[in-house]
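To start, the structure itself, in structure tokens.
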Amino acid sequence: MTRSHLSLALVAATLWLCESYTLRNSVSWADASSDVVVRGESDAVSEEVAPALLVDNSRLWKHAYPSSVLRDGAGNNKRTVTSKTEDTTIVSSASRVFSYRMEDVKAAASPPSPPRHQQTARTARYVAHYSDWGILATISTQDKIKGLPFGNVFSVSDGPMDNSTGVIYFYLTPMENTVADLRSFPFASLTFSEAEGDFCRQQAYDPEDPRCARLTLTGKMVDVGLEEVESARWAMFSRHPEMRKWPVEHNWFFMKLELTQVWLQNWVGGVSLISLEDYFKATPY
């Protein structure tokens, strides 16, 4: 065998050995079809310990994906852009969420068509149920804006896709400014927009168009009791499965919004204040 042939053989063997793994900040991820397996200092990493590997010294979360998502349908490697901030490497593009079992990520079915605008209670439940996130407004405790309104985006759920409850759950950490606000003054407003989905875009409605429904739920934010924790956990994790891998050292906990008022605008000519009885009696389906 000539020297050039030997060199080509060595390169091919090296590429074949590297094909199954993608390196991300000293953590490699096996390219398996069903599960994502963490391999670092130890092969046996529990779900509770794994998130700690994803937190660096500057408290930024490191992300990783199986190498399969970094290849296109033809098996070619995709380009991943990285940028450095001080001593921390942040992987962009595909590396946007924590790893979790791929069978937990199910393609969400498109929501049904919105209710008729006259069905205000049902519309309110529809918007609350099919929204994955909303903006929670609190009274700020931050020094520079103390006592002023402060809005923050949060992932929410009122239950699994096939079991709407109307009760809005949150998964929060005490590290959030909003949590400090709520410990000082627990009342807040949560706003959703139908523009989050496809309906307003398909109808060419601007998000401020009154025909593009806006829902604001106002009430008191309270910690979820022990008897309700499992319901809250299933509601949140079924809709946001990556939450299972968020760093345990952030002391995540569940809260819910106890409603005082349901405010809806979904048509031209004014707004609707929906009674709590009608809101909870209605169904989004």
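Structure data summary
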read-out: Condition met for Met161 (closer than 12 Å to Ala128 by Cα and part of a loop (DSSP other than H, G, I, E, B)); value: yes
read-out: Residue match in the range 225-239 (condition: more than 16 Å from Asp158 (Cβ to Cβ) and touching a residue at least 40 places away in the same chain (Cβ under 8 Å)); value: no
read-out: Residue that is within 28 Å of Ser272 (Cα to Cα), surrounded by fewer than 12 Cβ atoms within 10 Å (Cβ to Cβ) and modelled with pLDDT of 95 or more, where the choices are Ala195, Ala204; value: Ala204
read-out: Failed item, numbered, when Phe154 is tested on (1) within 25 Å of Arg211 (Cα to Cα); (2) touching a residue at least 40 places away in the same chain (Cβ under 8 Å); (3) surrounded by 16 or more Cβ atoms within 10 Å (Cβ to Cβ); value: (2)
read-out: Residue within the range 136-154 that is out of contact with any Lys or Arg (no Cβ under 8 Å at 6 or more places or on another chain) and under 22 Å from Phe280 (Cβ atoms) present; value: yes
read-out: Qualifying residues in the range 212-222 (those that are more than 20 Å from the chain's Cα centre (by Cα) and more than 18 Å from Arg125 (Cβ to Cβ)) - the one surrounded by the fewest Cβ atoms within 10 Å (Cβ to Cβ); value: Val222
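The values are calculated or read from the model by the stated rules, or taken from the named source; none is laboratory data. If you're wondering where the values come from, they're calculated on a predicted model, not measured in any experiment. Because the Cβ atoms are built from the backbone with ideal geometry, glycine has one as well, and the counts that use them run over all protein chains shown.
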